[in-house]
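Read the figures in this text as sums done on the coordinates, not as results from a lab. The shown structure was predicted, so the numbers you read here are calculated from the model rather than taken from an experiment. A quick note on method: Cβ atoms are made from the backbone with ideal geometry, for glycine too, and the neighbour counts reach across all protein chains shown.
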Amino acid sequence: RALPGGYVDYVIPATGLSGTRFWAKYGCDANGKNCKIGDQMQYYPEGGCPTKGCTPPIDSLFEATFGCKKGSSCANSSPTTWFDTSQVDGYTIPYKVTLNGETNKCDCTSSGCGLKTIDATRLDLAKCPSGENLSAGGKVTNQNGRSLTNVDLRMIDKDTNSVLGCLSPCKKLSWEWGLNEGTVPTLYYCCPTPNPANCQIGQGCISSEGCRNGPVINTQFVNSIHQMAPGIYTYAYDDG
């Protein structure tokens with residue numbers, strides 16, 4: 001538990017650690033359970049969700065595979081640490097990642113290398129769209145009696161009427177509404193690519209170029225995050 005202004009240390013083994021994911025939960029009971037937001041997975045090790053069910057997987061997220069520390073017993077393993085932050089599923093709290101070590105070798109592009117921080121401290125739930133157009137440019141305006149031209153992406157606390165999180169267009173349609181990611185209009189917001197060699201819309205596949213040129217780039221969700229946190233991924237194949 002981290003109190004206001006406090007912190008929690010995680011010790012990463014010198015031999016590295018793969019496939020880690022970190023996110024904050026809040027609004028929890030004294031045992032760190034039954035949280036308002038953040039209980040997106042079953043409890044470890046006993047399993048099971050909170051009494052009201054697991055919460056949407058929309059938390060502000062840090063993911064990393066930590067490499068082997070030089071001089072340790074895994075000297076022949078990769079020393080490279082891979083990490084990212086993403087709002088592809090949505091966001092909850094603002095955050096900032098500060099890097100230490102040989103940061104001049106981080107985030108290499110054609111123009112060079114170097115990264116000191118990832119700054120998403122301006123993420124604001126008050127700017128989560130409450131009237132998003134997810135009709136894929138008018139291709140589908142209604143789904144099972146629900147309008148796709150005026151979609152509320154906010155996750156509302158029914159007890160306090162406050163905003164707990166913001167769902168991405170993809171997660172709103174696929175997770176909350178239960179629509180298949182490979183069907184229109186969800187395909188244009190989730191951008192699945194199950195068969196890159198023969199990617200066809202009719203087969204539930206959209207190319208990276210098709211995704212970047214599709215309706216997702218014009219959503220309020222994507223544009224607001226690009227303004228609040230430039231460089232942060234907001235959808236599959238996003239260049240930030």
Residue-normalised 222 nm signal for the chain, counting each DSSP H run of n ≥ 4 as -39,500 (n - 2.57), nearest 500 deg cm²/dmol, is -1500 deg cm²/dmol
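Rounded to the nearest 0.05, what FRET efficiency do Lys139 and Val97 have when you use their Cβ-Cβ distance and R0 = 51 Å?
Values: r = 37 Å, r/R0 = 0.73.
That pair, Lys139 with Val97, gives E of 0.85.
So what's segment 115-240 giving for Rg/Rh, alpha carbon basis, Kirkwood Rh from the mean inverse pair distance? Intermediate results must be reported in sequence, preceding the final value.
Numbers: Rg = 15.1 Å, Rh = 15.3 Å.
Expressed as Rg/Rh, it is 0.99.
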For the chain, the percent of all C-alpha pairs falling in each 5 Å bin, from 0 up to the bin holding the max distance, is 1, 6, 11, 15, 16, 16, 14, 11, 6, 3, 1, 0, 0
Once phi for every residue in segment 14-20 is put through the Karplus expression 6.51 cos²θ - 1.76 cosθ + 1.60 (θ = phi - 60°), the whole-Hz ³J(HN,Hα) values, with Gly and Pro written as x, are 4, 7, x, 7, 9, x, 8
In whole Hz, the Karplus estimates of ³J(HN,Hα) for segment 21-35 (6.51, -1.76, 1.60; θ = phi - 60°; x where Gly or Pro) are 9, 10, 7, 9, 10, 8, x, 9, 7, 5, 9, x, 10, 6, 7
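Which of Lys70/Lys105; Lys52/Lys158; Lys25/Lys172; Lys96/Lys172; Lys33/Lys172 have a Cα-Cα distance over 22 Å?
Values: Lys70/Lys105 16 Å; Lys52/Lys158 12 Å; Lys25/Lys172 20 Å; Lys96/Lys172 25 Å; Lys33/Lys172 24 Å.
Long pairs (Cα-Cα over 22 Å): Lys96/Lys172; Lys33/Lys172.
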One finds, for Lys127 and Asn161 with R0 = 25 angstrom and r their Cβ-Cβ distance, a FRET efficiency to the nearest 0.05 of 0.90
To the nearest 20 debye, segment 124-184 has a Cα-centred charge dipole, built from +1 on Lys and Arg Cβ and -1 on Asp and Glu Cβ, of 160
When the charge dipole of the chain is computed with +1 on Lys and Arg Cβ and -1 on Asp and Glu Cβ about the Cα centre, the Cα farthest towards its positive end, among Pro45, Thr160, Asn104, belongs to Thr160
The chain, Gaussian network, Cα under 10 Å: of Leu167, Leu179, Leu134, the residue fluctuating most is Leu179
